[in-house]
Structure formats: structure tokens, C-alpha cells
Amino acid sequence: MEPEQRYALDALLDALGLPFDESVPVEPAVLDEVFGLLTLAHERDAELDQHERPLPPAHPPGPRVAELAAGLGLEPRGYPGGERFLVALTHDVDLLGGGGLPTAARKLAGSVVHRSRRRLRESTTFAADALRGRDPDYPLEEMLAAEGARGSTCFFLTRQEAPQDGYPDRYGPELAAAVERTRAAGVEIGLHASYRARELRGAIAEEARPLGAIEGLRHHYLRSDPARLAAELREAGLRYDSSIGWPSLPGLRAGTPYPYRLWDAERGEPGAWELPLVLMDATLAEERYLGLGADEAYEVAVAALEPVAEHGGAVAILWHPPSHHPRLSDGYDRLYRRLLEWIDKHGGRAGSAAETLDRWAARRTGRPPAR
């Protein structure tokens, strides 16, 4: 069996929670399809957006790997904890230090000039946050309150050289304290790789170093180079990535609702883990994407999670910290809570990215998860 076929067969059996067994009969065409899906072969000729990211196809693959795995006719294993499916709760910390009374005063002046009620509401909120010592760009306490005892993961930037990386003069001075506060709250820390990180070999390892002991990363703007992800993670000593998702559309970009090993093309073997990103708040809310209000977005978000629940998957969702703000999120803070309730009601378990991968691995080994 060729390494590529072995890789594809292992992914199919892992989808069922079963150990690798080369004797399982699978048509070569099926293995070729799985390998193509997980390596995103269908994107090689895809149209790119302004950030050089592939646009979604007219007909997304859906949970194709799950369907092919079910076609093997083998009995799947359930999760040791009895949950039906897993969802990693993740947050990309793109902004820090955006509050304060001077900012509130500027917004108040803008509200007068533009006669804008929205800007007036923002200015009074920023003033109230400043008096409380809360950063409106990073309302950690509200995020933790929504999640309760569930774990989650925050990805932080450590390099900001491109304009798309935000405001380093605000972010940099706040970074160390924000990371320390987040760790102290029991939240997993990961790297939010900079906009240009994919263009420089070794950039991931360099950017990860200031964060200390971490396991995973997500590329800013989801601007990864999938063909090199495995090598990036290997060189940085990281366990997983969670960048494979479409910014403009919820769904399963690699055609699988399961974590899978990235193909390390340089070595011709499986590499680190990919935790698929199935849903992002910005996709739902921003006018350049779907531009939905919170109530409309709920139905779209649930539709993205339903195949994950149906097939016993394990994926990530992304909610940026400002979407947890009770006055500035346009109802997306309440939408997040509704989605957590939906996950619980349908037998899912939500937690951090690292915990989600632990529980995924435990399904195959039959042993209790490490955390």
C-alpha cells in the first residue's frame, strides 16, 4: 500500500474510532478521493479572494469523508465520555487595548458630528468600560461567563507587521498581561499566526516562542498555506492547526467533520493534527460575507453544526472576543449562548481545542482522555 493510500485508509478508520487495519477492503478510488479531500486538491485551481484565499466551490463537499467511512460497513466506536459529538470553542484575539476614556471622548465627538446614535452608544459604552477597567476589545469575563465550566482556547498575535495585523501600538503593551490573565482563568493559549507568516519559512516557530508552552495555532485571516501546514507545525513543535475553514461560508472545507492528520508532503507521511473550523462569527455577521442579524444567523450556524452532530464529529467554532460584549456585539453574545445550549441539548460536549483533540484520540484508543 502506497503512503498516500495508507494515510487515507487511516483517516477513514479514525473517523470510525477504529485502529488502523490494512486488511480492511476499500476501493482505490475511495482512497484517492479521501486523500484529495484532506489535501484540498480541489482548491488548486480555485479562484482566490483579495487575501489570496481560495473561494468556496459552488458545490461544497459537505461531510463526504464521513459518508465514505460509513460506507465501509464497520461499527463505529463512541466517545468514552458518552458525548455524541465535540466542539472546540475558540477565540482569535485580534485586538487589545482599544478602550479608555480618550477613545470614548473621540467616539462621543464623532457621534455629535455624524449625528449617529450608534456612535453615541459606543462612546457611552467605552466610557463605562474604562471606568470598570474592562477592555471592550477583549471582554474576557463575559466570555468566561457564557462558557461556564467549559474550556476554550484563545489565539494571540505576537507579530504585527502587516496592516491587516491590527494596531501594534495598542496590542503589544497589553499582550503579556492579557495572556497571563487568560492562562490564570484556565483558558488554553495558542498562536494567532500573523498575516504574512505563511510567506516566511520558520515564522511560525519564531512567533510561537514568546507564548511559551503552547500546542496549537490558527492563521490570522485564515490565511494559511495548507500544503505547508504540516511542515510549519513540525518545525515549531506544535500539535495542531485550526485554520482550515472558509472565511466567507460556514461548512467543511476539507469534506470532513473530523480532526485529521495533515499530509506532510516534504516527508511523504502524516503530520500534525488539523481541527476543522466549521463556523465563524465574522462569516455570519460581516456585510462582506453573509451580513446576518443574530436571529437569522442562528439557523445558519445550526445548519453548519448539524452534520457534525449527525456523524459524531469534532470541529472548532470561532467567536472573536468583541462578539461577547453585551452592548457592542449586536446580539452575537446571546447567539453564542444559544449555540452552546444547542450543543448541550443535542448531546455534544464543548471545550478547548486541546481537550477536544484529547477526547477525539480517546475514542480510538478506548482510554479516558488525558484532560
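Annotations for the structure displayed:
- Of the helices (runs of 4 or more DSSP H) contained entirely in the stretch 189-308, those carrying at least 1 residues that are touching a His at 6+ places or on another chain (Cβ under 7 Å) and surrounded by fewer than 24 Cβ atoms within 10 Å (Cβ to Cβ) fall at 281-285.
- Taken over the stretch 327-357, the residue count meeting the criterion of being open to solvent by 20 Å² or more (accessible area, probe 1.4 Å) and within 28 Å of ALA213 (Cα to Cα) is 2.
- Unique match (being open to solvent by 60 Å² or more (accessible area, probe 1.4 Å) and touching a residue at least 60 places away in the same chain (Cβ under 8 Å)) among ARG44, ARG53, ARG64: ARG64
- Of residues in the stretch 345-371 being more than 19 Å from the chain's Cα centre (by Cα) and free of Cβ contacts under 8 Å to residues at least 12 places away in the same chain, the one farthest from ALA145 (Cα to Cα): THR365
- The stretch 312-329 residues that are on the phi > 0 side of the Ramachandran plot, paired with ones that are aromatic (Phe, Trp, Tyr) and in a loop (DSSP other than H, G, I, E, B) (beta carbon under 9 Å, 6 or more apart): GLY312/TYR79; GLY312/TYR258
- Considering the conditions (1) modelled with pLDDT of 95 or more; (2) within 22 Å of the chain's Cα centre (by Cα), HIS42 is excluded by exactly one of them, (1).
- Qualifying residue in the stretch 331-339 (condition: closer than 27 Å to ILE189 by Cβ, out of contact with any Gly (no Cβ under 9 Å at 6 or more places or on another chain) and not in a helix (DSSP H, G or I)): no
- A residue that is aliphatic (A, V, I, L, M), open to solvent by 60 Å² or more (accessible area, probe 1.4 Å) and either touching a helix residue (DSSP H, G or I) at 6+ places or on another chain (Cβ under 6 Å) or at pLDDT 95 or above (or both) occurs somewhere in the stretch 101-110.
- TRP342 of a type in the set (Phe, Trp, Tyr) and under 21 Å from ASP92 (Cα atoms): no
- Here LEU144, LEU157, LEU131 are screened, and the one residue that is at pLDDT below 95 and either within 19 Å of the chain's Cα centre (by Cα) or over 25 Å from GLY245 (Cβ atoms) (or both) is LEU131.
- One residue from GLY151, GLY172 being surrounded by fewer than 22 Cβ atoms within 10 Å (Cβ to Cβ) and not in a helix (DSSP H, G or I): GLY151
The values are calculated or read from the model by the stated rules, or taken from the named source; none is laboratory data. Everything numeric here is computed off the predicted structure, so don't read it as measured data. Every residue, glycine among them, receives a Cβ derived from its backbone with ideal geometry; neighbour counts consider all protein chains shown. Remember, those area values only see protein heavy atoms, side chains included, never the ligands or the DNA or RNA. Shrake-Rupley method; radii C 1.70, N 1.55, O 1.52, S 1.80 Å.
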